[in-house]
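The values are calculated or read from the model by the stated rules, or taken from the named source; none is laboratory data. Computed from a predicted model, the values in this text were never measured in an experiment. Heads up, the Cβs are rebuilt from the backbone with ideal geometry, glycines too, and the neighbour counts pull from every protein chain shown.
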Protein chains: 2
Amino acid sequence: MRYIKVFAPGTVANLGCGFDVMGLTLDGVGDLLEVGIEEGAGGLVIRNRSGKELPAKNEDNVITPAVMALLGAYEKPVRVEVTILEKIAPGSGIGSSAASSAAAVWGVNELLGRPFSGERLVEFAMMGEALIGGTSHADNVGPAVLGGVVLIRGYEPLDIVRLPVPEGFFYAVVHPDIVVSTKQAREVLPREVPLHDAVTQWGNVGGLVAGFALGDVALIGRSMHDVVAEPYRKGFIPGYDVLKEGVLAEGALAMNIAGSGPSIFALAADEAVAQRVAQRMRAHFARPGIGCKIYAGRVSNCGARIVE
Amino acid sequence: MRYIKVFAPGTVANLGCGFDVMGLTLDGVGDLLEVGIEEGAGGLVIRNRSGKELPAKNEDNVITPAVMALLGAYEKPVRVEVTILEKIAPGSGIGSSAASSAAAVWGVNELLGRPFSGERLVEFAMMGEALIGGTSHADNVGPAVLGGVVLIRGYEPLDIVRLPVPEGFFYAVVHPDIVVSTKQAREVLPREVPLHDAVTQWGNVGGLVAGFALGDVALIGRSMHDVVAEPYRKGFIPGYDVLKEGVLAEGALAMNIAGSGPSIFALAADEAVAQRVAQRMRAHFARPGIGCKIYAGRVSNCGARIVE
């Protein structure tokens with residue numbers, strides 16, 4: 001067996017208006033896996049030493065369908081051993097499952113001599129998302145593999161556009177101790193969007209993409225509005241509107257729900273603002289006695305990678 | 001009175017997926033106006049020497065509300081005389097009314113010493129669009145004033161993002177002799193969009209904006225799909241699907257309906273392809289005996305401007 005340690009970052013999907021099509025990479029938070037392979041043999045072993053509770057059976061772990069998809073495409077027998085060393089809390093809304101799938105397939109590909117492109121690795125990692133969500137999305141696994149800001153232009157076929165992240169761009173994330181299942185978060189959404197709202201949304205998606213592509217931080221902030229999911233999903237989060245008002249008053253460019261929630265993210269052009277916002281988020285949930293984890297750091301251009 | 005001659009270009013609104021939020025500037029086709037002002041006096045005179053049929057009454061001409069909006073903001077008396085010398089055929093779907101409004105306000109602003117920004121001029125010109133459409137859109141007047149590719153991020157307040165046009169980017173446009181009123185074209189649209197289709201659309205809007213911003217011509221082509229308006233509006237245009245197949249087979253990057261139709265545009269990375277596509281468009285409509293005008297040329301970064 002040959003082994004490497006692989007890190008894949010946490011990610012924020014949707015970015016407000018970019019519902020199901022955009023995701024962004026967080027620096028300083030993610031999953032750390034030891035990945036080992038042996039060619040010629042078979043089998044997949046997954047060990048959990050992260051201290052986080054994960055499915056007892058291998059086949060219920062997102063790593064399994066992701067790695068099996070890769071091995072299926074590789075067409076030669078490979079034995080894979082994965083040890084999960086550090087893990088984002090499951091259900092955090094910052095791409096916990098995506099980070100595991102991304103790190104696992106990225107590591108196996110690296111050990112095999114990189115037979116697959118980054119885009120193919122995203123497709124493999126999507127199989128892990130399908131296991132938990134029923135449908136396979138790429139808005140977390142895309143950035144977890146590739147880094148930066150990722151636009152999923154379309155799924156048939158998968159068409160991923162990488163956008164640069166402006167220099168000096170920071171996030172604050174809060175993961176409150178509230179349980180909102182992906183299923184609940186889906187079911188609260190309307191099945192149809194009034195045409196007027198849809199037009200508003202894609203104007204904002206255009207603005208958001210232009211903001212990243214042109215490095216216009218103010219435009220990113222102005223565009224990060226969601227008229228489709230946020231009005232419904234914010235109901236799961238106590239005091240959401242009050243918190244948003246406070247976070248924007250602290251100088252954040254925008255605040256919105258991370259993925260399907262319950263985590264919330266904010267973006268800022270200043271590190272001190274991101275730190276203050278994270279503290280404000282913690283205080284907001286502490287008041288009604290809701291525990292939470294907070295994260296703050298730089299938005300990252302780096303996706304999955306080898307670490308020592 | 002001081003006079004200048006002003007040209008404002010034809011434009012294509014929507015660009016497929018960018019329904020109501022995007023527009024693009026055509027080179028080599030537009031309106032030519034002589035604009036004169038006299039400060040201290042009042043009144044607006046509009047003369048039509050274009051040979052095209054236009055409303056008999058001043059107040060029914062789009063130029064009137066556009067210029068009156070500018071003069072209202074200027075707050076000092078100005079007499080304006082506009083002579084329409086050349087005019088895109090009304091109802092062509094390539095921004096005929098927008099070109100008149102844009103040229104008029106641009107010319108008056110120039111003669112007054114540029115008291116207003118380009119964005120304000122777009123707002124004034126939008127009043128002309130409101131006269132004919134009932135609602136004021138900026139997806140034709142935006143590029144007619146500013147040039148290039150324009151994204152209307154939002155309307156409240158008006159937020160216009162200019163995107164660069166890649167070098168070597170060409171259009172073909174056909175204006176068939178079919179009457180489709182803007183009202184008809186609006187009424188055929190569904191009032192609600194299934195969420196899945198809305199997501200598809202904003203993935204494509206993101207791709208289109210990224211394509212322009214990053215200069216990725218192939219991405220522009222892949223993104224220029226419309227699942228919201230084209231499926232309904234193409235019913236007004238005989239043999240639309242057959243034509244589209246042929247146009248793409250000629251090497252065009254994309255084909256779609258220009259604005260609310262009945263004109264159709266195609267984009268190409270090669271001038272010869274654009275020329276061939278325009279001929280194919282003409283032949284398509286000639287077969288069932290429908291006359292048409294065709295245009296082909298470069299996509300332009302230049303909006304309204306003084307000409308000698």
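Structure notes:
- Meets criteria (under 30 Å from B:Leu163 (Cβ atoms), in contact (Cβ under 8 Å) with a residue 60 or more places away in the chain and in contact with a Ser or Thr (Cβ under 8 Å, 6 or more places away or on another chain)) for B:Ile4: no
- In the set (1) in a strand (DSSP E or B); (2) within 18 Å of the chain's Cα centre (by Cα); (3) more than 18 Å from A:Ala103 (Cβ to Cβ); (4) not basic (Lys, Arg), the condition left unmet by A:Glu38 is number (2).
- Residue within region A:7-22 that is surrounded by fewer than 18 Cβ atoms within 10 Å (Cβ to Cβ) and in contact with a strand residue (DSSP E or B) (Cβ under 6 Å, 6 or more places away or on another chain) present: no
- Search result, residues across region A:63-75 that are modelled with pLDDT of 95 or more and not polar (S, T, N, Q): A:Ile63, A:Pro65, A:Ala66, A:Val67, A:Met68, A:Ala69, A:Leu70, A:Leu71, A:Gly72, A:Ala73, A:Tyr74
- Residue selected from region B:89-123 under the condition over 22 Å from B:Arg162 (Cβ atoms) and among the polar types (S, T, N, Q), by the criterion modelled with the lowest pLDDT: B:Ser92
- Test: residue in region B:71-83 that is buried (at least 22 other Cβ atoms within 10 Å of the Cβ) and touching a residue at least 24 places away in the same chain (Cβ under 8 Å): yes
- Test: B:Ala56 is farther than 18 Å from B:Met1 by Cβ and surrounded by fewer than 17 Cβ atoms within 10 Å (Cβ to Cβ): yes
- Matching residues in region A:1-46 - criterion: being of a type in the set (Asp, Glu) and at positive phi: A:Asp20
- Residue count for region A:17-30, restricted to those that are within 13 Å of chain B (Cβ to nearest Cβ), farther than 22 Å from A:Ala130 by Cα and under 13 Å from the mean Cα position of the chain (by Cα): 0.
- Among the candidates A:Ala269, A:Ala218, A:Ala210, A:Ala252, residue that is more than 9 Å from chain B (Cβ to nearest Cβ), of a type in the set (A, V, I, L, M) and without any contact (Cβ under 8 Å) to a residue 40 or more places away in the chain: A:Ala218
- Only one of the listed residues (A:Glu156, A:Glu192) is within 10 Å of another protein chain (Cβ to nearest Cβ), of a type in the set (Asp, Glu) and either closer than 26 Å to B:Tyr155 by Cβ or in contact (Cβ under 8 Å) with a residue 12 or more places away in the chain (or both). That residue is A:Glu192.
- Residue among B:Val193, B:Val205, B:Val247 that is at pLDDT 95 or above, out of contact with any Gly (no Cβ under 9 Å at 6 or more places or on another chain), among the β-branched types (Val, Ile, Thr) and over 26 Å from B:Glu271 (Cβ atoms): B:Val193
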